[in-house]
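Quick notes on the structure that follows.
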Amino acid sequence: MSTALSEVAPAALRGLRRTLLWAAGLALLALSVAVAITIGPADIAVGDVWATVAAHLGWGRAELTPIRDGIVWNLRLPRTLLAAVCGAGLAVCGAVMQSLLRNPLADPFVLGVSSGASTGAVVVVVLGAGGGLLSVSGGAFLGAVVSFGLVLLLSHTLGGTTDRVVLAGVAAMQLFSALTSFVVMTAADAETTRGVLFWLLGSLSGAGWTDVGVGLAALSVTLLVCAGYARALDAFAFGQDAAASLGVHVARTRMALLCTTALLTAALVSSAGAIGFVGLVLPHAVRPLTGPGHTRLLPATALAGAVFLVWVDTLARTALDPQEVPVGVMTALIGVPAFVLVLYRDRSSR
């Protein structure tokens, strides 16, 4: 009896500690969102944010003026929530792709999805494709899907191995980047070019509740799918031959996860543009804390990515106020040094 109790007690303590850590992470995310909303030209307190949200959810009455209520509910809150969704989604996609392709430099844009989305958006804005019926987000999503379809076709033609998928993604990325540059240089005026380039560098300034809903739905589906394949992703760490010997259907698993992450990336890029380095850096930063097991790695990476991009976007919109810095520029400025530190830490620990 005493032996059984001694074995149960440490397990219970580990479970309690894990629960407390997840609760702390969620609380940090909620606090980050609330505080980030208060930062800006309008003087708004955290209590005002909670009161406004509660009022719109039918739990009370807002005490802010209509203008301040609109700033919180229609401008800052959807933008901050979209930043959290994009950060979580891009970080999860990076973690999945790094394990699936066994490439530490893999990120959500390695399959050319971002370049395809950029081309789709530019075609709508500059060339007027869709006759006004197709929005910029819709064009970006269609471009991303076309790009990913091309990658699948090329990789299948070349043999479908992991390195062929990466090479096909690089080829598609270069092709659609060239197409984007060609369209902008030959058909856009100066003002349109400025707006397109700002969007291509990543921007959350046009965030709305529809963008938040679409992104959150795509993120939820992706997390559920990836959770179901968590053990398969653990097996992929030893190579596809080892995964197959452990009972993993390699081709089917790879296709399901690549399609899921590509569609999530397409949904996020269509709303926020190309935001780099989140999917590349965050998995490397979180993995030493959680270990390689994807059951813990994926939700922890999602939380870290959400908190990270909330604060990066807050810095991007306030650092040079009233001018706004594209959030993709800010993630690169922060992500490159952070990635170098992660690489140096990994090298020192070996």
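The values are calculated or read from the model by the stated rules, or taken from the named source; none is laboratory data. This one's a predicted model, so the numbers in the text were calculated from it and none came from an experiment. We place every Cβ from the backbone using ideal geometry, glycine too, and count neighbours over all the protein chains shown. These area figures cover heavy atoms from the full protein model, side chains too; ligands, DNA and RNA do not enter into them. Shrake-Rupley method; radii C 1.70, N 1.55, O 1.52, S 1.80 Å.
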Quick check: is even one residue across the stretch 71-86 touching a residue at least 24 places away in the same chain (Cβ under 8 Å), within 19 Å of Val310 (Cα to Cα) and either among the basic types (Lys, Arg) or in a loop (DSSP other than H, G, I, E, B) (or both)?
-> yes
In the set Val329, Val342, Val336, the lone residue that is touching a residue at least 24 places away in the same chain (Cβ under 8 Å), open to solvent by less than 30 Å² (accessible area, probe 1.4 Å), in a helix (DSSP H, G or I) and aliphatic (A, V, I, L, M) is Val342
Result of the Cβ filter at 8 Å on the stretch 140-160, keeping first residues that are closer than 20 Å to Leu197 by Cα and partners that are outside any helix (DSSP H, G or I) and open to solvent by 40 Å² or more (accessible area, probe 1.4 Å), at least 6 apart or interchain, is Leu142/Leu134
Condition set open to solvent by 10 Å² or more (accessible area, probe 1.4 Å) and of a type in the set (A, V, I, L, M), scope the stretch 252-266, selection modelled with the highest pLDDT: answer is Ala256
Selection from the stretch 296-326 of residues open to solvent by 70 Å² or more (accessible area, probe 1.4 Å) and modelled with pLDDT under 90 yields Leu320, Asp321, Pro322, Gln323
With the first residue restricted to the stretch 199-212 and required to be acidic (Asp, Glu), and the second required to be outside any loop (DSSP other than H, G, I, E, B), Cβ contacts under 6 Å at 6 or more apart or on different chains are Asp211/Leu82; Asp211/Ser271
Given the residues Val248, Val221, which is the only one that is closer than 21 Å to Leu303 by Cβ and open to solvent by 20 Å² or more (accessible area, probe 1.4 Å)?
-> Val221
Tell me which of these Ile275 doesn't satisfy, since it passes every other one: (1) more than 17 Å from Pro108 (Cα to Cα); (2) assigned to a loop (DSSP other than H, G, I, E, B); (3) in contact (Cβ under 8 Å) with a residue 60 or more places away in the chain.
-> (1)
Considering the stretch 154-209 alone, what residues qualify as being within 22 Å of the chain's Cα centre (by Cα), under 30 Å from Ala256 (Cβ atoms), aliphatic (A, V, I, L, M) and in a loop (DSSP other than H, G, I, E, B)?
-> Leu204, Ala207
